[in-house]
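Right, one structure below, let's go through it.
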Amino acid sequence: MQWIIKLDEGLARLSALCGWVACVAMLLMAGNVFYDVVARYAFNEVSIGMQEMEWHLYSVVFLFGIPYALRTDGHVRVDVFYTRWSGKAKAWVNLIGALIFVIPFAYLIGIYGYDFAVNAYEMGEGSGDPGGLPQRWIIKSIIPITAFFIATAGLNMATYALRVMAGEKQYEGEHSGGGLA
């Protein structure tokens, strides 16, 4: 059981790192939008590259936020029955959901996302707009990278569920709908 604890805690740190990356990207995106708005309305300057950077940063926020949301139990789920269940019943749902849905889905995202990024790199894909960002493969490579982190977050859901089943941990925030201890 000790190895599950160490694995669970290590995977939790990876998900926390993803949350940190998403947070930094959100701050950068806010700065980017602020700059873009000031440049547009105060100086009548428009930068296609900066506008494209907004959706690139948004993609980073979204994609790196997924593993963090899975770890903190902040993902969308139908809680009509779940909130009334015992910790062990919730653990079974999370274990099965992680093994049947999250990890296989992350695998598919990783496989197809890798090909997507490689094709963009091989084609030298860039923005179709003049002044846009030239290396689109960089943002597309985030897809398979985050697929790995989504898979590790799914594995983390499973290890945490096993710890709950063993009586070592419990789920928090059953009234508010989420959060892990």
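The values are calculated or read from the model by the stated rules, or taken from the named source; none is laboratory data. Everything quoted here is computed from the prediction, not taken from an experiment. Please note: Cβ atoms are built from the backbone with ideal geometry, for glycine as well, and neighbour counts cover all protein chains shown.
Here Ile66 meets the list (1) in a loop (DSSP other than H, G, I, E, B); (2) closer than 23 Å to Ile138 by Cβ almost entirely, failing just condition (1). Of the residues in segment 42-51, not one is part of a helix (DSSP H, G or I), without any contact (Cβ under 8 Å) to a residue 40 or more places away in the chain, in contact with a helix residue (DSSP H, G or I) (Cβ under 9 Å, 6 or more places away or on another chain) and closer than 20 Å to Ser141 by Cβ. The residues of segment 116-134 that are among the acidic types (Asp, Glu) and surrounded by 15 or more Cβ atoms within 10 Å (Cβ to Cβ) amount to a single one, Glu125.
Can you find, within segment 34-49, the residue that is modelled with the highest pLDDT among those that are within 20 Å of Ser127 (Cα to Cα) and not hydrophobic (A, V, I, L, M, F, W, C)? Across segment 34-49, the extreme among qualifying residues is Asp36. Restricting attention to segment 164-173 and to residues that are within 23 Å of the chain's Cα centre (by Cα) and not in a strand (DSSP E or B), the residue that is modelled with the lowest pLDDT turns out to be Gly173.
For segment 1-44, a residue qualifies if it is over 23 Å from Val61 (Cβ atoms) and surrounded by 12 or more Cβ atoms within 10 Å (Cβ to Cβ), and the qualifying residues are Ile4, Ile5, Leu7, Asp8, Glu9, Gly10. Would you check which residues across segment 101-115 are buried (at least 16 other Cβ atoms within 10 Å of the Cβ) and farther than 16 Å from Met157 by Cα and list them? If the condition is that a residue be buried (at least 16 other Cβ atoms within 10 Å of the Cβ) and farther than 16 Å from Met157 by Cα, then Ile109, Gly110, Gly113, Tyr114 are the ones that fit.
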